[in-house]
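Undergrad: What follows is a structure written as structure tokens; I'll ask about it next.
The values are calculated or read from the model by the stated rules, or taken from the named source; none is laboratory data. Predicted, not measured: the structure shown is a model, and the values here were computed from it. Glycine gets a Cβ as well: all are built from the backbone with ideal geometry, and neighbour counts include every protein chain shown.
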Amino acid sequence: MPPRARLPSLSLAWVASVALLFAGAGALLLSTGFEASRSVSLLGPDLPVNESATDATDLTAHNSPTVARSPTDPSIVAIANRIDLPRFSCALHVSDDGGASWRELRIPTPSAKRAPCYAPDVVFDAAGTLYVSFVTLEGPGNVPAAAWITSSKDGGATLTRPIKTLGPLFFQVRLAADPAVPGRLYLSWLAGRAVELFRFPETGNPVRFASSGDGGRSWSDPVQVSSASRKRVVAPSLVAGSEGELYALFLDLGQDRLDYHGLHEGQGGPPSRDPWQLVLARSDDRGETWTESVIEDRLVPTERFIVFIPPFPSLAIDRRDGRLFVAFQDGGSGDADVLLWSSVDGGESWTSPTQINDNPQGDGTDQYRPRLAVAPNGRLDVLYYDRRNDPRNLLNEVSLQSSYDQGATFTPPVALSDRQFDSRVGFGSEREMPDLGNRLGLLADDGHALAVWADTRAGTEASGKQDLARAVVAFQSEDGLSGTARNALRVAGIIAVLAGLVFGAVLFKRGRRASPSPGSHQSPAM
């Protein structure tokens, strides 16, 4: 009787094991080999957010959107924005279909106050609770009388009665939420001492901070963030890191008296000649103490502005490794360009700036108001106003560029606005100082980006009408794989490789047992 043929079957199994290894390796290569080569497509045209955009008789000026998405239900998205005309106010829009449609909600103001809300901000906490902060304005100068916060646990269907958080003369209030702890909130603001029309008459109005662990019902004592040596700081923004660290980004205007003290008297003209600094403060003890690092110390101003509503730089975190990204406009080339800085050590050191917009330097057109967002897979998106297609440097488009290598290189710009719109339309246009707001809105996930901006296509210099427009961008790899499909393929590849290795190890042991030892011989068949 012939011996049982073990080795040929083992050889076939070895082939299967190797096949698994090659299949898994191929899947991994396919899932990672084209990371920097992606196609971008718009999911339909850009559309208005506010319902009044289609009403020619409604001359409301919507601008400065902040966009937030619920971490527990990604289909729920909220936008808060300020309104400059016909009176100072604010708006809140909520979508329950990921941004396809919107409904406007009334922000409840304090019953004892008839003053309107202004300069709102919006966040979701780790449990999916929606929070909206805003200030109320009073007096002939429309100065902040108090700051308030309201919340919703049902996606904006109902909002609580607002709670007072800060007192008078608190400007540029910004809200952040801890990404891991429900109900833990953070506020930053500029603490004014005295104000006059268009200006702070005195220096030394610092950036301050407070925190809440109970959803805004109570707040810690204020802590000063900016160094006492900094006399003219503005535009603070807060971001909370994944490990409990906090970051506050702001501008130090240095000797710029033109803007800080309103020497322009609210009239348009050339920007200040005094350079600014871009500064980041970090706290590792939940805001009790702060340390500063200078990101850029020779930032060239590109415009005049009213000090109470300055342009805001943008800060974003790659939550995979804590890498920081900062973007702002700079006029070093003779016009406004969007620059990017990054840090891998929590802000202790910064890279040299990279210009994001790829039009020629000094071509006489402005790219400005950048907004950053980092997708969970690490893709960095940058949204900004873009005038490259108007030699007169007056008509805006909205452009989006992306980086798949942590800001080293960027894809070509994609125009999100389907038509140009006039940058001269808005509050202050009669003084040749029109204001499109101090920020844009941007959200990013692995396969999409949602962009929101102030659009003036329905307005004129006389009307000042501004509306919020939004566009949705889809990202797809060159091989046709979406981000979700690519991640699934990557997981399948890893599983296949591991299975091949385990299968191969088992077969190796079986093969050793089946092979004759040196010097031995088989018994003759009986």
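Undergrad: With the structure loaded, tell me whether residue 383 is modelled with pLDDT of 95 or more, crowded, with 24+ Cβ neighbours inside 10 Å, outside any loop (DSSP other than H, G, I, E, B) and assigned by TED's automatic domain parsing to the domain that holds residue 463 or whether it fails that test.
TA: In short, yes.
Undergrad: Just give me the residues in the range 57-82 being charged (D, E, K, R) and in a strand (DSSP E or B), in sequence order.
TA: Once the filter is applied, which keeps residues that are charged (D, E, K, R) and in a strand (DSSP E or B), the range 57-82 yields 69, 82.
Undergrad: Shifting gears a bit: Condition check: under 29 Å from residue 424 (Cβ atoms) and among the hydrophobic types (A, V, I, L, M, F, W, C). Does residue 135 satisfy that?
TA: So residue 135 fits the description; yes.
Undergrad: Are any of the residues in the range 90-98 among the polar types (S, T, N, Q), within 20 Å of residue 174 (Cα to Cα) and in contact with a Lys or Arg (Cβ under 9 Å, 6 or more places away or on another chain)?
TA: So the first thing to find is which residues in the range 90-98 are among the polar types (S, T, N, Q), and the list is 95.
Still in the running and within 20 Å of residue 174 (Cα to Cα): none.
No; the residues of the range 90-98 include none that is among the polar types (S, T, N, Q), within 20 Å of residue 174 (Cα to Cα) and in contact with a Lys or Arg (Cβ under 9 Å, 6 or more places away or on another chain).
Undergrad: Can I ask one more? Is there any pair linking a residue in the range 259-282 that is on the phi < 0 side of the Ramachandran plot to one that is polar (S, T, N, Q) and assigned to a loop (DSSP other than H, G, I, E, B), with Cβ under 8 Å and at least six apart or on different chains, and which?
TA: Within 8 Å, the pairs are 259/272; 260/203; 271/302; 274/255; 279/226; 281/226.
Undergrad: Return the residue satisfying two criteria in turn: it lies in the range 287-330 and is buried (at least 19 other Cβ atoms within 10 Å of the Cβ) and basic (Lys, Arg), and of such residues it is nearest to residue 207 (Cα to Cα).
TA: The selected residue is 304.
Undergrad: Go through the range 182-229 and give me each residue that's of a type in the set (Gly, Ala, Ser), over 21 Å from residue 71 (Cβ atoms), without any contact (Cβ under 8 Å) to a residue 60 or more places away in the chain and in contact with a Lys or Arg (Cβ under 7 Å, 6 or more places away or on another chain).
TA: Scanning the range 182-229 gives 191, 204.
Undergrad: When only residues in the range 331-364 that are farther than 18 Å from residue 398 by Cα, hydrophobic (A, V, I, L, M, F, W, C) and in contact (Cβ under 8 Å) with a residue 40 or more places away in the chain count, which is surrounded by the most Cβ atoms within 10 Å (Cβ to Cβ)?
TA: So, considering only residues that are farther than 18 Å from residue 398 by Cα, hydrophobic (A, V, I, L, M, F, W, C) and in contact (Cβ under 8 Å) with a residue 40 or more places away in the chain, the one surrounded by the most Cβ atoms within 10 Å (Cβ to Cβ) is 341.
Undergrad: Filter the range 415-432 down to the residues that are surrounded by fewer than 21 Cβ atoms within 10 Å (Cβ to Cβ) and either under 24 Å from residue 75 (Cβ atoms) or out of contact with any strand residue (DSSP E or B) (no Cβ under 9 Å at 6 or more places or on another chain) (or both) and list them by number.
TA: If the condition is that a residue be surrounded by fewer than 21 Cβ atoms within 10 Å (Cβ to Cβ) and either under 24 Å from residue 75 (Cβ atoms) or out of contact with any strand residue (DSSP E or B) (no Cβ under 9 Å at 6 or more places or on another chain) (or both), then 424, 430, 431, 432 are the ones that fit.
Undergrad: Now a separate question. Any residue that is more than 26 Å from the chain's Cα centre (by Cα), outside any loop (DSSP other than H, G, I, E, B), closer than 28 Å to residue 127 by Cα and not hydrophobic (A, V, I, L, M, F, W, C) - is there at least one of those in the range 185-203?
TA: No, the range 185-203 contains no residue that is more than 26 Å from the chain's Cα centre (by Cα), outside any loop (DSSP other than H, G, I, E, B), closer than 28 Å to residue 127 by Cα and not hydrophobic (A, V, I, L, M, F, W, C).
Undergrad: Oh, and also: Only one of 227, 242, 220 is under 20 Å from the mean Cα position of the chain (by Cα) and not aliphatic (A, V, I, L, M); which?
TA: None of the other options fit; the residue is 242.
Undergrad: Right, another one. Can you tell me which residue among 171, 134 is at pLDDT 95 or above, within 19 Å of residue 196 (Cα to Cα) and assigned to a strand (DSSP E or B)?
TA: 171
Undergrad: Search the range 446-459 for residues that are without any contact (Cβ under 8 Å) to a residue 24 or more places away in the chain and pair each with any residue that is part of a loop (DSSP other than H, G, I, E, B) when their beta-carbon atoms are under 7 Å apart and the residues are at least 6 apart or on different chains.
TA: none
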